[in-house]
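Novice: The structure follows.
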């Protein structure tokens, strides 16, 4: 058995369940800029710290298969254009 709800009823049900959160535009707010900077800093640090491990894995793949661990192949993109993709 299925219940049919009107759009108004769905909205009322959602308002009853979901907490009110004010819409905040990103704009140039300081907290958004700080979060973005922190995100970039953490990602850059993680990449820097994991680089030796990634290089070791690449060398092990190359030694085991004698094939490049990163290779390029062509893919079709927008409007049928082909582009090189690294894997």
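The values are calculated or read from the model by the stated rules, or taken from the named source; none is laboratory data. In this text the structure is predicted, and so the values were computed from the model without any measurement. Cβ sites come from the backbone with ideal geometry, for glycine too, and all protein chains shown count toward neighbours.
Novice: When you go through 74, 54 one by one, which is the residue that is under 18 Å from residue 87 (Cα atoms), free of Cβ contacts under 8 Å to residues at least 60 places away in the same chain and assigned to a helix (DSSP H, G or I)?
Specialist: Values: 74 fails: assigned to a helix (DSSP H, G or I).
Going through 74, 54 in turn, the sole match is 54.
Novice: Let me ask you something else. Given the structure, is residue 46 outside any loop (DSSP other than H, G, I, E, B) and at pLDDT 70 or above?
Specialist: So residue 46 fits the description; yes.
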